[in-house]
Structures are given as C-alpha cells and as structure tokens.
Amino acid sequence: MDFITFLKSRREQLGYSQNKFSKLVNITQSYFNSIERGEVKNPPSKEILERIATVLELNSEEKKQMFYLAAIERTPQVILDTLNKLENEIRVQNKNNMQNFLGNSENAIPLFERISAGPGAFSDEEITDYIVLPGLRNSNSLFAVNVVGDSMEPTIKNGSIIICKKNIEIRNGEIGAFFIDDQAYVKRLKITKNYIALISDNPNYAPIYIGPGENFHAVGKVIKVLSDI
C-alpha cells in the first residue's frame, strides 16, 4: 500500500468528502485533490501530516505507517530499487540457510516476518525462520507469523507468534489470518446477513468492513498462540 492509497481509503472509511477533509486539515481543496491524484511531487510536510493523522483518527501504529509511507514517497526510486534488491537477496540467503539446517524435518513450520493486529502483510519471500513443535503432524498445512500490534489483545498479545492452518473453514466468531487486497490482518471474523467484518478484540479498534469488490480472502485459521517465547 502506498501513501495515496492509505490516505484515500481511510478518508473514505470515515465518510469524509475531499472538500470536508481539506477543511478539517486546514489546507485548500485543490491542494488536497492534487495529493490524492498523485500530482504533488513531494508528500505533505510533517506539520500537515500531523494534522492529517489527527483528522483520520489514527492510533500510534497507524500514524507510524502513514509517516513511513510518506517518507518512501520522498526517496529516489534508484535507492528504493537497490534497497529492495539487497533485502530480497538477504531473505533468500537466510531462507536457504535455514532450510539446509533443518533438512527435511516434517515438524518444521515456516515463520513469516509479520502480520499485523492492525495493517501489515506477508508473502512467501518473507519467511525469516522455521520453528519446530514436537509431536506435530501435517505441518505442511501450517504456517507461523509474528504478530505486531495490540488490536487483538488480550487474546493475542503484541509480539506473539500465531500458528495458522491453511485450507480450513473459518467460522463466524473464529480468529484467522486474512488478506484485504495487499494487506494482511489477524482478526476475528464476523458474518451477518448485512455485512462481513474483521473485528478486533481490543475495543479501541474499529471494525474493518469488507466492501463490494474488495479482494478479500482467508489465509488460515489461528489454531495456537505462542506468547512469551
């Protein structure tokens, strides 16, 4: 997700028009329209970003993400490409080293870099480690993910590792790992006749409603939480 997508999706989620939002942030509508169209060469200043974060009602984690996305917009593409290439090379090397170390262990579960109790993402290239649980069966259908954020506390603490099972139904009220477009979440699934939503156990976080046309799918059902390890 880039800065513009983050800004627009959160604004629309709160129900603000461009005109209303620009007034609340105290900037001109033409300038704000230019930001959302990607016509501004550099993202807004830190002062304006602070005001945007306030109007968007961002928590500390979401605010950090928005500032990070804004900073990325300012970084020359040649530097981003070089950093991404180096990061991918390190990930592949670490993955190969760990696979060689573990061999063909049937109990090895791939551990992904992060999933957010809040926004985040993971993919096959982001396997950072493998964990082994004694007596585990059918581990080829399991994966583990580091959880970042407190939106699922007290059920899942920040820094926990969740063990998820793929290709299994996640029923109403159960916790799973989900993708909405390119963002990954660990949330509790809520299904009604009127809507589908991802719910946080922490009441300070608003539900994430699944809108028409969104690319939403379940990645796995949370079957175990490892805390304080």
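The values are calculated or read from the model by the stated rules, or taken from the named source; none is laboratory data. In this text the structure is predicted, and so the values were computed from the model without any measurement. Cβ sites come from the backbone with ideal geometry, for glycine too, and all protein chains shown count toward neighbours. We work out accessible area using only protein heavy atoms, side chains counted, and drop any ligands, DNA or RNA first. Shrake-Rupley method; radii C 1.70, N 1.55, O 1.52, S 1.80 Å.
Looking only at residues that are within 19 Å of LYS166 (Cβ to Cβ) and modelled with pLDDT of 90 or more in the range 180-193, which one is surrounded by the most Cβ atoms within 10 Å (Cβ to Cβ)?
That would be VAL186.
Please specify each residue of the range 194-229 satisfying the condition of being open to solvent by less than 70 Å² (accessible area, probe 1.4 Å) and more than 17 Å from the chain's Cα centre (by Cα).
Selection gives ILE196, GLY211, VAL225, LEU226, SER227.
Residues in the range 27-37: is at least one loosely packed, with under 12 Cβ neighbours inside 10 Å and under 19 Å from LEU69 (Cα atoms)?
Taking the range 27-37 as the starting set, the residues that turn out to be loosely packed, with under 12 Cβ neighbours inside 10 Å are 28, 30, 37.
Checking the rest, the ones that are also under 19 Å from LEU69 (Cα atoms) come to 37.
Checked against the condition, which is being loosely packed, with under 12 Cβ neighbours inside 10 Å and under 19 Å from LEU69 (Cα atoms), the range 27-37 yields at least one hit.
List pairs: first residue in the range 175-188 and on the phi < 0 side of the Ramachandran plot, second residue modelled with pLDDT of 85 or more and of a type in the set (D, E, K, R) anywhere in the structure, Cβ distance under 6 angstrom, at least six positions apart or on different chains.
Short answer, once both residue conditions are applied: ILE175/ARG188; GLY176/LYS221.
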